[in-house]
Amino acid sequence: MQKPKTSEAQRRAVANYQEKVDRVNCRFPKGTKQRIEATGSTINAFIIRAVEKELERIEEAEQTPTEPEQDFSDVPFMN
């Protein structure tokens, strides 16, 4: 019988890591990879920062109460 290439401990460590992260595959238009690399960032780090920033913006907007619209129908110059 052939010996496995990775130890049982290594396989457990990989499985433990995979339980702690979500894996998402996405596709971008040609040239996007080069544009990201030109920023000096890794693709993974760039995407993580962009997604986290957008999620924070969305969540903040959801928590900010919006003022009710005022009715200006009784103001002559606002009609």
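Dividing the Cα radius of gyration of the chain by 2.2 N^0.38 Å, with N the residue count, gives 2.15. What's the Cα-based Rg to Rh of the range 28-72, Rh via Kirkwood? That ratio equals 1.31. For the chain, take the longest principal axis of its alpha carbons; what is the angle in degrees between that and the long axis of helix 43-63, to the nearest 10 within 0 to 90? Between the helix axis and the principal axis of the chain, the angle is about 40 degrees.
FYI, it's all coordinate maths here, none of it is from the lab. In this text the structure is predicted, and so the values were computed from the model without any measurement.
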